[in-house]
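The values are calculated or read from the model by the stated rules, or taken from the named source; none is laboratory data. Values in this document were obtained by computation on a predicted structure and should not be read as measured data. Quick reminder, even Gly has a Cβ in these numbers, built from the backbone with ideal geometry, and neighbours come from all protein chains shown. Please note that ligands, DNA and RNA were not included when accessible areas were found on the heavy atoms of the full protein model with its side chains. Shrake-Rupley method; radii C 1.70, N 1.55, O 1.52, S 1.80 Å.
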Amino acid sequence: MAKAIMVQGTMSNAGKSFFAAALCRIFHEDGYSCAPFKSQNMALNSYITSEGLEMGRAQVMQAEAACTEPSVLMNPILLKPTTDIGSQVIVNGEVVGNMTASAYFKRKKEFIPDIMRAYNALAEKYDIIVIEGAGSPVELNLKSDDIVNMGMARLADAPVLLVGDIDRGGVFAQLIGTLMLLEEEERQRVKGIVVNKFRGDKRLFDSGCDILREKGGVPVAGVIPYIHCDIDDEDSLSEKIENKEKGLINIAVVRLPRISNFTDFDVFSQYEGVSVRYASKPGELEGADMMILPGTKSTLGDMKWLRESGMEAMIKKLNFGGVPVFGVCGGYQMLGRRISDPENTEGGGEAAGMGLLDCETVFRSEKTRTRISGKIQSIGGFFSFLSDRDFSGYEIHMGETSIGGNVLSELDNGRADGSWKGNVCGSYVHGIFDSADISGEIVKALFRSKGLEYGAERTDRKSYKERQYKLLADNVRANLDMELIYKILRKEV
């Protein structure tokens, strides 16, 4: 059976996902087979495995770091928020249904057997399991039913590393306060403290490490610098979504209230001179060279928001002025003429779409989940340079879209996907931009539209991400007591 180590944080966005990914890559480099694991993930960024099952993208990123195939076993429960008080519940990659928060909390212990079957299957296959927690382990009102922090550590009998975020300030209160609020049995599981996102000269924090050791009674395993690496983030807390910096080329992604799979657009940030910004107000779209409508977990709700916020009117104004628009998944649906939900899949109702594409969407209860590849057809308009380009990715959506106008692409399974009209395109395929043949040509065209030439080399997405994982792992290894980490794994401390 595999050895396990668990990464818990003092709060959301303390850096657990990245730190766990770094451990996965370090263990792989040291010759061990390694798998990530998170029993319960709440995120709208999801992925479809080769078996057509759905899981959170954070564990996909960690599996990539570990150089292993993503598996739904690595994330047996995925919660995809649909409203402020409810989520779609996905267990072992399959939709169980929509539940309110209170209904899920009453039932979630029923899913422990599913969690342990997944964990044990991984433990039979790999040398090391890196388990990630969620939020904070001392949300006192939730602890009695915990299945993702100390509850999971207990189920897997895993030692714990506690990660605090010094960049936000208050790291002593974070770490020592968390330790103080843990029950004694839980506190005994914490074998190391990690101070994350440190900026400046680490030697100035030597006395801080002494204080943490003295007051926390736990070794400081490392002080990790703030690492600037470009790796998929877990959810909308991502710092990328706050980027307002302008580049030579500016791509504006509409920040929908229920935005999902925004990692689809990370690829553009790897191109020199290109800035990807997220816009939630009409004025933030001004100056965009291209606009993207992303996926959403609530197409009708976000279509209403687009209309009421003035974003729809601004998108149309800029588009009619020549700014191209590309919609992905829910964004594609909203670009069409009409959206209807007769089976109450997303709350029911219908609404006019933006009318920029000649297509209509009807929601059905069955979710489409599949990995797919295809080829852009011979198309006209702004995106004509994409004609005959190959792509691959995955579909994950509830709607069926009938295309009344120009078809964008033909998929390898014979189906048509997407639509185009003038300087507007839409597709259901997540990951369509990952190919340098797609994203690279879009970037070059945007440069040309401003009288510029893109001179840098196009970057393969996979090779680029590999360099980022190495950057992350090298920096963490250099600032982490790896001798202590291996002792913790062997339960020698």
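Observations
- In this structure the amide hydrogen of His397, modeled in the peptide plane, comes within under 5 Å of the amide hydrogens of Thr368, none closer than 5 places in sequence on its chain.
- The distance linking the stretch 156-181 with the stretch 412-446 is 43 Å (Cα centroid to Cα centroid, whole angstrom).
- Rounded FRET efficiency, nearest 0.05, which uses the C-beta distance separating Lys317 from Thr368 and R0 of 35 Å: 0.60
- Pairs spanning more than 30 Å between alpha-carbon atoms, out of Lys317/Lys465; Lys16/Lys444; Lys16/Lys143; Lys244/Lys450; Lys316/Lys465; Lys444/Lys470: Lys317/Lys465; Lys16/Lys444; Lys316/Lys465.
- Per-residue 3J(HN,Hα) values for the stretch 57-68, derived from phi via the Karplus relation 6.51 cos²θ - 1.76 cosθ + 1.60 with θ = phi - 60°, read 6, 4, 6, 5, 4, 5, 5, 4, 4, 7, 6, 9 Hz in sequence order (x marks Gly and Pro).
- Summed residue charge, Cβ within 14 Å of Asp388's Cβ, Lys/Arg positive, Asp/Glu negative: -2
- Top positive-direction residue, dipole computed over the chain with Cβ charges, set Ser387, Thr100, Ser12: Ser12
- Average accessible area per residue (Å²) across the stretch 13-108 - probe 1.4 Å, nucleic acids and ligands excluded: 30
- Two-decimal ratio, the stretch 169-318, of alpha-carbon radius of gyration to 2.2 N^0.38 Å: 1.44
- Distance from the Cα centroid of the stretch 296-352 to that of the stretch 72-127 is 30 Å (rounded to whole angstrom).
- A compact globular protein would have a Cα radius of gyration near 2.2 N^0.38 Å; the ratio found for the stretch 424-493 is 1.85.
- With only Cα atoms counted, the stretch 15-138 has Rg and Dmax values of 14.2, 44 Å.
- The share of Cα pairs per 5 Å bin across the stretch 42-85, counted from zero up to the longest distance, runs 5, 24, 32, 21, 10, 5, 2, 0 percent.
- Dividing the mean sequence gap of close Cα pairs (under 8 Å, 6+ apart) by how many residues the stretch 228-345 holds gives a relative contact order of 26 percent.
- Only beta bridges with both residues in the chain are counted; by DSSP, about 50 percent of them are antiparallel.
- Summing Cβ point charges (Lys, Arg +1; Asp, Glu -1) relative to the Cα centre of the chain gives a dipole of roughly 500 debye.
- Packing, taken as the mean count of other beta carbons within 10 Å per residue, orders the peptides 452-459, 67-74, 170-177 from highest to lowest as 67-74, 170-177, 452-459.
- Mean Cβ neighbour count within 10 Å, used as a protection proxy, ranking 187-194, 55-62 highest first: 55-62, 187-194
- Using only side-chain charges placed at the Cβ, +1 for Lys and Arg and -1 for Asp and Glu, the dipole size of the stretch 265-388 relative to its Cα centre rounds to 120 debye.
- Relative contact order for the chain, counting Cα pairs under 8 Å that sit 6 or more residues apart, in percent: 14
- Selected from Gly86, Ser463, Gln333, residue furthest toward positive end of dipole (the chain; charges at beta carbon): Gly86
- Lys109 versus Glu308: modelled label distance in nm, points set 7 Å from Cα along the beta carbon direction: 3.9
- Here the alpha carbons of the stretch 120-201 define both size measures, Rg and Dmax, at 14.0, 43 Å.
- Most positive-pole-ward Cα, Ile372, Tyr428, Ser309, against dipole of the chain from beta carbon charges: Ser309
- Size descriptors for the stretch 323-478: radius of gyration and Dmax over Cα atoms are 17.8, 57 Å.
- The value given for the stretch 319-391 is a Kirkwood hydrodynamic radius of 14.3 Å, derived from the mean inverse Cα-Cα separation.
- Using the Karplus relation 6.51 cos²θ - 1.76 cosθ + 1.60 with θ = phi - 60°, the per-residue 3J(HN,Hα) values for the stretch 412-427 come to 5, 8, x, 7, 8, 9, x, 8, 9, 7, x, 9, 10, 9, x, 8 Hz, with x marking Gly and Pro.
- Most to least packed among 98-106, 366-374, 46-54, 325-333 [average Cβ atoms within 10 Å]: 325-333, 46-54, 366-374, 98-106
- Cα-based Rg of the chain normalised by 2.2 N^0.38 Å, two decimals: 0.99
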